[in-house]
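Enquirer: My structure is below; once you've seen it, I'll send some questions.
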Amino acid sequence: MRHPLRRLRRAVVTVAAAALVLVPLGVSQSAAAAAGRAAATPAAAPAAAGSGYWHTSGRQILDANNQAVRIAGINWFGFETDNHVAHGLWSRDYKSMIDQMKSLGYNTIRLPYSDDLFKGTMPDSINFSSGMNADLQGLNSLQVMDKIVNYAGTDGLKVILDRHRPDSSGQSALWYTSAVPESTWIADLKALATRYLGNSAVIGIDLHNEPHDPACWGCGDTTIDWRLAAERGGNAVLSVNPNLLVFVEGVQTFNGNSSWWGGNLQGAGQYPVVLSVANRVVYSPHDYATSVSSQPWFTDPTFPANMPGIWDKNWGYLFNQNIAPVWLGEFGTTLQSTTDQTWLRTLVQYLRPTAQYGGDSFSWTFWSWNPDSGDTGGILNDDWTTVNTAKDAYLATIKAPGFAGGGGGGTGGGDTTPPTAPTALTVTGTTASTATLSWTASTDNTAVTGYQVYRAGSQVGSTTGATTFTDTGLSAGTGYSYTVRAVDAAGNVSASSAAVTATTSTTGGGGGGNSGCTATLHVDNQWTPGFTDTVTVSNTGTAATHSWTVTWSWPNGQQISNAWNATVQQTGSGVTAVNLSYNNVIAVAGNTTFGVQGAWTGSNGAPVLSCTAT
């Protein structure tokens, strides 16, 4: 089966958003959605529906009172992008956004994030004019997430936190990368569970978004077996809070059968995810329409009658056979084609209308609330206020009752005390191109996990526990001002240390040596009309690189549409890829990788790559 084209979301690029005028809301709930929710309202104690932490029983998700509940929600992305905050806050107040979600009948928010948030990132593009988002001023990204989680909880919405990317540069096939190892993934999952400990507005964590080839399920290779990794990650979460649900997505390929990234759970029946706490696993596939990629099943003569069988094979059997609950974490479309309209209508019917089945049904969160998802659009129109009523109406019959408010709290629910500021910051050495710093360790009520190093107010690096750092790639004979901040296990960031100035020497140093590199391209996946490639950059010199650039020309008119782990630009057939801030340094004999995705016509011939490094 051809590999599905990865959907291209405009969210990959940092949004340069201008403040927009906030239009008063006038959106009413559809009659169909109201009727669906009324029919599904529990007969007993409706105000308590969804209370407390949740657990599973067979294919059902049950609340603290053992009432069956249905997740019927929306994806609100942005924390995983270079904005490091939920999108749209350049236009709207976050509270009005959440209120509108509730008014439309969505009861859960899936909130994607990247591990960058645990580096003390600050949110970008929040509008504070006319009192908008006033209580978010001065907060870092995690603290803004606290506000969103807590307001959602008091508004009666639940939140699922989705580890969407290792960093803001792009999606990864595996749960780890060279820059974000598994140990960081585990530590950050535990930090998140700690942060919201006791706050039952957060019902669980989606461990990693859309694992895909070479990720496998049940193959036994611990470096690529996503099922085994999900057990390690899930147990890490439960070691902090045993009450959380653990949401586990699928892979791309099992036994030679391919589906959407994260959409293949064919192996979960034979190789289930077994955690240290029973009744916590919810499986989560993704499924999309032709606006994301044209798949063979869409052109099958039996379409749409063929679709239930495809869904049954990939993930529906888990629900149908009472093995485990299934939550369709992402599905979306622009609705521009008749095929897409038919697909969504068929899928909604497959998910079992609420009026008929109540809580004994598939759960779901639609992609997306945001209008700035490039290949699906959103429930909101481009003004970030008015509703795409046609799209919203398709979901009316599977919306479900809201939950009792008050699940949030005044804080994140866990540790919110920052560490002390580092002291005694000192320059311990310089060369013509480097400056080495050291400082005295900070203290914290739990544990300091690392430090952020800033040059002239911009972060240039971080350490994991170490109290020394060497900044590279500097100009000779130049003064640089540095400060350091500490980060604890819950993501709290200290105040800055006192500043110190380092002046590089005017002559060469640092042990001599030269930098050189080579680059090789590997075609990971190819289908008509697309491809994904991985480029490996290797240091062939005698000194570590400070920067690298890879160039090539496509021989057959290929066109890049997406890239990760490098800044990639294409002009005509020529392509230039430049390192990002975190992978500029390649040790002698070391390597790093970046990826590209694109389209081809005729043939997909391999280019000849050139690499330069300094």
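Enquirer: Which lysines have a Cα less than 22 Å from the Cα of Lys147, not counting those fewer than 8 places away in the same chain?
Expert: By straight Cα distance, Lys147 reaches Lys95, Lys102, Lys119, Lys158, Lys190.
Enquirer: For Asp155, what is the net charge nearby, where nearby means another residue's Cβ is under 14 Å from its Cβ and Lys, Arg count +1, Asp, Glu -1?
Expert: +2
Enquirer: If you count only protein heavy atoms with a 1.4 Å probe, what accessible area per residue comes out for the chain, rounded to a whole Å²? Spell out each step's value before the answer.
Expert: Values: 21710 Å² over 614 residues.
Here the per-residue accessible area is 35 Å².
Enquirer: Percent of alpha carbon pairs in the chain separated by more than 48 Å?
Expert: Tail fraction, whole percent: 13.
Enquirer: Hey, if we sort Tyr582, Tyr350 by accessible area with the 1.4 Å probe, largest down, what's the order?
Expert: Tyr582, Tyr350
Enquirer: Explain nothing, just the number: relative contact order of region 355-405, from Cα pairs under 8 Å at least 6 residues apart, as a whole percent.
Expert: 23 percent
Enquirer: Normalised by the number of residues in the chain, what is the relative contact order in percent for Cα pairs under 8 Å and 6+ residues apart?
Expert: Details: 1528 pairs, mean separation 90.1, N = 614.
Value for the chain: 15 percent.
Enquirer: So how much slack lies between Thr223 and Ala456, counting 0.36 nm per residue of separation and subtracting their Cα-Cα distance, in nm?
Expert: 80.0 nm
Enquirer: If you take the beta carbon distance between Thr443 and Ser475 as r and set R0 to 30 Å, what does 1/(1 + (r/R0)^6) give as a FRET efficiency, to the nearest 0.05?
Expert: For Thr443 and Ser475, the calculated efficiency is 0.25.
Enquirer: Sticking with this structure for a sec: For region 563-570, what does the Karplus curve 6.51 cos²θ - 1.76 cosθ + 1.60, with θ = phi - 60°, yield as ³J(HN,Hα) per residue in whole Hz, taken in order and with x for Gly and Pro?
Expert: Once θ is set to phi - 60°, the couplings for region 563-570 become 8, 8, 6, 6, 8, 10, 10, 10 Hz.
Enquirer: How much net charge surrounds Trp185 when only the other residues with a Cβ under 12 Å from the Cβ of Trp185 are counted, with Lys and Arg +1 and Asp and Glu -1?
Expert: Net of charged neighbours comes to 0.
Enquirer: Normalised by the residues of region 213-360, what does the relative contact order come to in percent, with Cα pairs under 8 Å and at least six apart? Can you show the working numbers first?
Expert: Values: 209 pairs, mean separation 29.5, N = 148.
So the answer I get is 20 percent.
Enquirer: Another question, then. Size of the dipole of the chain about the Cα centre, Lys and Arg at +1 and Asp and Glu at -1 on the beta carbon, nothing else charged, in debye to 20?
Expert: On the way: 29 positive and 39 negative charges, 107 e Å.
My answer is approximately 520 debye.
Enquirer: Assuming a ≥ b ≥ c are the square roots of the Cα gyration tensor eigenvalues, decide whether region 60-211 counts as rounded (a/c under 1.5), prolate (otherwise, with a/b larger than b/c) or oblate.
Expert: oblate
Enquirer: Got a sec? Charge dipole of the chain, +1 on Cβ for Lys and Arg, -1 for Asp and Glu; which of Val484, Ala613, Trp260 is way out at the positive end?
Expert: Selected residue: Trp260.
Enquirer: Now for a separate question. For region 464-484 and region 257-336, write down the distance between their C-alpha centroids in whole Å.
Expert: So the separation of the two Cα centres works out to 48 Å.
Enquirer: Continuing with the same structure: Divide by every residue of the chain the summed helix terms, -39500 (n - 2.57) for each DSSP H run of at least 4, and state the resulting mean residue ellipticity at 222 nm, rounded to the nearest 500 deg cm²/dmol.
Expert: -4500 deg cm²/dmol
Enquirer: Could you tell me which of rounded, prolate or oblate describes region 531-614, using a ≥ b ≥ c as the square roots of the eigenvalues of the alpha-carbon gyration tensor, with rounded for a/c under 1.5 and, failing that, prolate when a/b is larger than b/c and oblate otherwise? Working shown, then result.
Expert: Values: a/c = 2.36, a/b = 2.06, b/c = 1.15.
Verdict is prolate for region 531-614.
Enquirer: How much length is gained if the chain between Leu580 and Thr540 is pulled fully straight, taking 0.36 nm per residue apart and subtracting their Cα-Cα distance, in nm to one decimal?
Expert: Computed gain between Leu580 and Thr540 is 12.5 nm.
Enquirer: Let me ask another. Sort out for me the Cα centre separation of region 568-614 from region 514-563, rounded to whole Å.
Expert: Taking the Cα centre of region 514-563 as reference, the centre of region 568-614 is 3 Å away.
Enquirer: I'd like the FRET efficiency for Tyr357 and Gln526, computed as 1/(1 + (r/R0)^6) with the beta carbon distance as r and R0 of 30 Å, rounded to 0.05.
Expert: Step by step, r from the Cβ atoms, then E = 0.15.
The values are calculated or read from the model by the stated rules, or taken from the named source; none is laboratory data. What you see is a predicted model; the values in this text were computed from it and never measured. Backbone-built Cβ (ideal geometry, glycine too); neighbour counts: all protein chains shown. Protein only, heavy atoms only, side chains kept; ligands, DNA and RNA dropped before computing areas. Shrake-Rupley method; radii C 1.70, N 1.55, O 1.52, S 1.80 Å.
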